[in-house]
Amino acid sequence: MRDLVAAFGGEVPAAQTGELLAWLDAFSDAHWNFRGRLGGVERDRIRVDLPARLAAAAGTAAAALGLTGSAEPPHDEYAHVLVLGGLARACLQRTEHAARLAAARRVGAIAALGSLRPLGPEERVVPGAEGCRTEADALAAGVRAAFGTGVPVLVAPPRDPAAPRANTADTYEHWAAAARPRAEERILIVTSPIYVPFQHCDAIRILGLRYRCGIDTVGFDPHRASTPQPPGAAGPDRCLQEIRSAIRAARALHAAVA
């Protein structure tokens, strides 16, 4: 992180954790908040050309901070497997990967968590998601393809009435209110590699702290996915945006335990 900040002309201060995360939040807002600059567009609409030096720094940082690659879950048994929703391609990729992981482990309940976010035009023509109108529809299509039946798709409302749709934390809370996980149960969360750090922090804050569950979060392997990644899905601009997401999630987690 120090090297990445330095590449963008900054210097990470010597500070306590809370102050440091606040500083990184402000720095990342100024330099890496491309969604904000573009009016809050969905992540797949980010298109920012970076100089080669900054693009290389972003890629190096993303790998070091855990936003790339796919790791196997560390345990052979999970009480719950949660497949997170997202863009249409991701809904198909994540459900496929979750089914692969579940087939090799002892798992209890499996659920897919999403929202009623309308799909964009490019998402509605993704093979396997044709005819889907919302993220929840795409998740349901992925569940049918990967599991057949028996896996519920939970559609979460936003906690903030002014928000256009539920975010990751909202979906965790919606699921937990229905499932009531017990202390010491292990939960496996399946998402995309680039979102693992921020969605893991949110899971610890919502599910780990409140319900005393163990949390493992893994990303699917793009090389094994039947649905290919689109160009730029893990580009340096997207990596910087999700490093910012991880900073903000870590800041919220720290505030919850401080």
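The values are calculated or read from the model by the stated rules, or taken from the named source; none is laboratory data. It should be emphasised that the depicted structure is a prediction, and the values quoted were computed from it without experimental measurement. In this analysis, Cβ positions are derived from the backbone assuming ideal geometry, glycine residues included, and neighbour counts consider all displayed protein chains.
For the reader, a short list of remarks on this structure follows.
- Scope the range 130-153; condition of a type outside the set (Val, Ile, Thr), touching a residue at least 40 places away in the same chain (Cβ under 8 Å) and within 19 Å of Ser192 (Cβ to Cβ); matching residues: Cys132, Glu135, Ala136, Ala138, Leu139, Ala141, Gly142, Ala145, Ala146, Phe147
- Highlighted here are the helices (runs of 4 or more DSSP H) found entirely within the range 1-65 that include at least 2 residues which are farther than 21 Å from Phe198 by Cα: 2-7, 52-64.
- Test: residue in the range 169-177 that is touching a residue at least 24 places away in the same chain (Cβ under 8 Å), polar (S, T, N, Q), buried (at least 17 other Cβ atoms within 10 Å of the Cβ) and under 24 Å from Val125 (Cα atoms): no
- So Gly36, is it touching a His at 6+ places or on another chain (Cβ under 9 Å) and not assigned by TED's automatic domain parsing to the domain that holds Ala90: no
- Residue count for the range 26-84, restricted to those that are among the polar types (S, T, N, Q) and modelled with pLDDT under 95: 3
- In the range 70-83, of all residues being surrounded by 23 or more Cβ atoms within 10 Å (Cβ to Cβ) and more than 16 Å from Ala129 (Cβ to Cβ), the one that is farthest from the chain's Cα centre (by Cα) corresponds to Tyr78.
- Output for the range 205-249, where each listed residue is closer than 18 Å to Thr171 by Cα and either polar (S, T, N, Q) or part of a helix (DSSP H, G or I) (or both): Arg205, Ile206, Leu207, Gly208, Leu209, Arg210, Tyr211, Thr217, Ser245, Ala246, Arg248, Ala249
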